[in-house]
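Below is one structure, written out as C-alpha cells, with a few remarks after it.
The values are calculated or read from the model by the stated rules, or taken from the named source; none is laboratory data. Predicted model, so just to flag it, every value in this text is computed and none were measured. Cβ atoms come from the backbone with ideal geometry, glycine included; neighbour counts cover every protein chain shown.
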Amino acid sequence: MDKIYLNCFFCFLFFLIATYLPGLLFYPFFREGFSAYFNYNEGLYSYFFIVTSVFILVTFLSFYLLDKIPLVRTRYLDSTLVYYAIFFIVILYFILSINFAVNFTSSFRHKNRLADAGPLVGILFMMKPIVYFIVSLAVIHILNGNILGRNSKILLFLILISTIMFLNSSMQFIFIILVAIVLWAPKLLIVNFKELNFKALFLVIVLAPLVCISVIFIGIGNKVGYDYLLSNEGLSFLMGFGDLLFPRMSTSLFSSVVIFEKAINGTFFGNDVINGIEATLANRFALIFSSGSFDSGLIDTVNRLNYLEVFSNHAERAGASPGIIASSFFTPLFPFSLFIIPLYVAFIFRSFRYHMSQQAKFSLLSFLILPYLVMSLFESPLNILYIFDPIAILFICVCFLGRLINTSIVFKR
C-alpha cells in the first residue's frame, strides 16, 4: 500500500482508539453508571473485541483495494476564484457568528431548537462543516511541507474568533485549540514529539490536560448551567459526575456492542432505516417548499433509532449518533453493510490522500487532528442520505468538491 495512504489508515485507527478507549478503561470503575445509562450489562469486552477486530480488518482491506485503483486527477478550478470563495465563506461565517453571540448563549443546544432559531442560525450550522473542511485542507497544506500565506492566516484567525463566538459544545473547544496550533505552532503537525525541544514538549504536557479539563467543564456547563456548576452544590455534582460523564463519552462504544448483539440474535434495522430516511426527506422537502404537510415533531432518524435501542431512559426528542462500527449494523443490505461502511471510510481518506504529496509528513498530533475535522462523517454515516444535512454537505465537500482545489496554491496566499 502507498505509504501516505497507509498513514491515512493509521489516522482512522487513532480515531477509533480515541473514540472507544475511554469507555473501555472506565467501565470497570463506573459499571453501575454504565448499566443505568445503557440497555446493556453483558460481556462488553468480548463483544467489542470481536466486532472491532472484524471491522478494522475489513477497513484495512478496503484501503488496500482502493489503493489499487489509479488516482485519477481532475482539472483544478481557478485558484483565485477558489480563494475568494473561501474568503466569502469565512466572512459570512464570521458575521453569522456575531449574530449568534448576540442572541444566544453557549447552552444553545440544550435550550433551543434549531428549527425555531431562525434562518441565520440554520445557515451558520450548515456552514460549520464547510469551515472544518477548509481547516482540514490547510492542515494538509502544512503536512505537505508548505507554509501558510499571510491572507490564509488572516482567514484562519477569523475562523478562530468566529468559533469562540459560536461556541455551543465541548468538542468545539478542541477545534479552537486546533486552529490555534495551525496558526502559531504548525510544526507540531509534522514533527514527532521525541523531536521537539524541551520548551515545546513542556507546553504539550501542560496544555493537554488543560484542554481535557476545559472540554469536560464546557460540556457539563452547557448542560446544567455555569452559575450552578460554579456553586458549592455544582462542585459537589461535578465530583460525582463520573457515573454520567464516562457513559456519555461511550455512546459509540455501547452502540456497537448493543446493536451487534441484536444482529447476532437476528434483529436488523435496515427496513426501519429506509422508512425513516424516506419520511425525513419528505418532511424536509415539505419544510423547504412550505408545504402544509411539514411535521415539526417528526424525528425518524438513525440517531433517534439508535438512542431508543441503546439507552435505558428516553427523552422526548433526543438522539445519539451510533458511531462508525454500529452504523454497519444499521445500514441496509446486511451483511454486505459490513463492507459498505469500511469502503465508505476508505473513500473519505482516499479523498484526503488526493491532496497529499509523497513528501507529506505526519505526527501523532496530525493523526488525531485530521479525522477529528471530519468526525461527523464517522459518527453517523447514514446521515449523508438526508441530503439537507450538515453531514451530507461535508461529505460532498470532502469527496467531490475538494478535488477541484489546488491546496498548494490557494493556501500560499
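The figures follow:
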item	result
When residues of the stretch 110-143 are limited to those that are of a type in the set (Lys, Arg) and assigned to a helix (DSSP H, G or I), the one modelled with the lowest pLDDT	Lys111
Filter result for Leu148 (modelled with pLDDT under 95, assigned to a loop (DSSP other than H, G, I, E, B), hydrophobic (A, V, I, L, M, F, W, C) and farther than 20 Å from Ile391 by Cβ)	no
Residue match in the stretch 21-32 (condition: of a type in the set (Ser, Thr, Tyr) and either at pLDDT 90 or above or out of contact with any helix residue (DSSP H, G or I) (no Cβ under 9 Å at 6 or more places or on another chain) (or both))	no
Residues of the stretch 21-42 that turn out to be closer than 10 Å to Ser312 by Cβ and of a type in the set (A, V, I, L, M), as a count	1
Test: residue in the stretch 304-312 that is modelled with pLDDT of 80 or more, assigned to a loop (DSSP other than H, G, I, E, B) and among the charged types (D, E, K, R)	no
Unique match (being over 30 Å from Ser162 (Cβ atoms), aliphatic (A, V, I, L, M) and within 24 Å of the chain's Cα centre (by Cα)) among Leu96, Leu71, Leu92, Leu66	Leu66
Qualifying residue in the stretch 308-329 (condition: surrounded by fewer than 17 Cβ atoms within 10 Å (Cβ to Cβ), more than 24 Å from Phe10 (Cβ to Cβ), under 17 Å from the mean Cα position of the chain (by Cα) and aliphatic (A, V, I, L, M))	no
Residue count, the stretch 60-101 (criterion: in contact (Cβ under 8 Å) with a residue 24 or more places away in the chain, aliphatic (A, V, I, L, M) and in contact with a Lys or Arg (Cβ under 9 Å, 6 or more places away or on another chain))	2
Count - residues of the stretch 1-22 that are aromatic (Phe, Trp, Tyr) and more than 18 Å from Leu65 (Cα to Cα)	3
Selection from the stretch 258-272 of residues that are in contact (Cβ under 8 Å) with a residue 40 or more places away in the chain, part of a helix (DSSP H, G or I) and within 12 Å of Glu309 (Cβ to Cβ)	Val258, Ile259, Phe260, Glu261, Lys262, Ala263
Subset of the stretch 278-303 (residues that are modelled with pLDDT under 75, under 21 Å from Leu382 (Cβ atoms) and not in a helix (DSSP H, G or I))	Asp295, Leu298
Matching residues, the stretch 399-410, being part of a loop (DSSP other than H, G, I, E, B) and touching a Phe, Trp or Tyr at 6+ places or on another chain (Cβ under 9 Å)	Ile405, Asn406
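Table: residues versus (1) under 22 Å from Ile340 (Cβ atoms); (2) surrounded by 18 or more Cβ atoms within 10 Å (Cβ to Cβ).
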| site | (1), (2) |
| --- | --- |
| Leu24 | no, no |
| Ala36 | no, no |
| Asn41 | no, no |
| Leu57 | yes, no |
| Tyr83 | no, yes |
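This table checks each residue for (1) surrounded by fewer than 18 Cβ atoms within 10 Å (Cβ to Cβ); (2) free of Cβ contacts under 8 Å to residues at least 40 places away in the same chain; (3) in contact with a Cys (Cβ under 6 Å, 6 or more places away or on another chain); (4) not in a helix (DSSP H, G or I).
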position: Phe334; (1), (2), (3), (4): yes, no, no, yes
position: Ile341; (1), (2), (3), (4): no, no, no, no
position: Val345; (1), (2), (3), (4): no, no, no, no
position: Arg350; (1), (2), (3), (4): no, no, no, no
position: Phe362; (1), (2), (3), (4): no, no, no, yes
position: Phe378; (1), (2), (3), (4): no, no, no, no
position: Cys397; (1), (2), (3), (4): no, no, no, no
